[in-house]
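For reference, the structure is listed below as structure tokens.
Every number in this text was worked out from the coordinates using simple rules, so none of it is lab data. The structure displayed is predicted, hence computed values, not measured ones. Note: ideal-geometry Cβ built from the backbone for every residue, glycine included; neighbour counts use all protein chains shown.
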Amino acid sequence: MKLKRIGVILILLLAFCGLADSAYLYQKESVNAPLICNVENLSGCNVVAASKYSRLFGVSIAEYGLVFYGAIFAIAALEIVLFRPILRRLLQWLALAGIAASLYFTFNEVFLIKALCMYCLASALITLLILILATFLEPIRSKALQA
């Protein structure tokens, strides 16, 4: 039981980091300010942010990130208080959708924009870690309940 709780708390922390990442990108976009991005080989943040691929259906990718990580955070917070298997499945499906979106956006960065953004890659990593935690801690919880 404790391991599940720690896993969900880690998901909450990761979702918070994703919210911070998305909020930073959205805030900079809102005021049309350049991103701080000076990591070697990952310094294409401003190129990526200015590309036509930074918006989907007229909405910035950062706004989608805010909604995505906000939903993950809310569902994980609910799971801490009251466990329902549907909440864990929802976390898994949302994280899986996030991974699919991250793969699409990373493909665009590498092959179409030809620039890498450290904030985008950090978001992809955060989503992958959320998926891993939501998936691999679930069987441990089930075994603990059977004992």
Review point. Which one of these is over 23 Å from residue 4 (Cα atoms), touching an Asp or Glu at 6+ places or on another chain (Cβ under 8 Å) and surrounded by 15 or more Cβ atoms within 10 Å (Cβ to Cβ): 116, 42, 91?
Key: 116
Revision key, fill the gap. Per the filter on the stretch 8-35, residues of a type in the set (Asp, Glu) and without any contact (Cβ under 8 Å) to a residue 60 or more places away in the chain are 29
**Study point:** Residue tally, condition out of contact with any Phe, Trp or Tyr (no Cβ under 8 Å at 6 or more places or on another chain) and either part of a helix (DSSP H, G or I) or closer than 19 Å to residue 76 by Cβ (or both), over the stretch 115-125
**Key:** 5
Exercise for review: Scan the stretch 37-75 residue by residue and report those that are over 20 Å from residue 98 (Cα atoms) and among the polar types (S, T, N, Q).
Suggested key: 38, 41, 43, 46, 51
Study note, to complete from the structure: Every listed condition ((1) in contact with a strand residue (DSSP E or B) (Cβ under 8 Å, 6 or more places away or on another chain); (2) farther than 15 Å from residue 121 by Cα) holds for residue 37 save (2)
Review point. Hey, does the stretch 24-47 have a residue that's under 19 Å from residue 130 (Cβ atoms) and among the β-branched types (Val, Ile, Thr)?
Key: no
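A quick yes/no check of all residues on (1) out of contact with any helix residue (DSSP H, G or I) (no Cβ under 7 Å at 6 or more places or on another chain); (2) touching a residue at least 24 places away in the same chain (Cβ under 8 Å):
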site: 37; (1), (2): no, yes
site: 40; (1), (2): yes, no
site: 73; (1), (2): no, yes
site: 82; (1), (2): yes, no
site: 90; (1), (2): no, no
site: 108; (1), (2): no, yes
Practice item. Would you check which residues across the stretch 21-30 are surrounded by 14 or more Cβ atoms within 10 Å (Cβ to Cβ) and not basic (Lys, Arg) and list them? Key: 21, 22, 23, 24, 25, 26, 29
Point to revise | Among the residues listed as 71, 15, 33, the single one being crowded, with 16+ Cβ neighbours inside 10 Å and among the small types (Gly, Ala, Ser) | key: 15
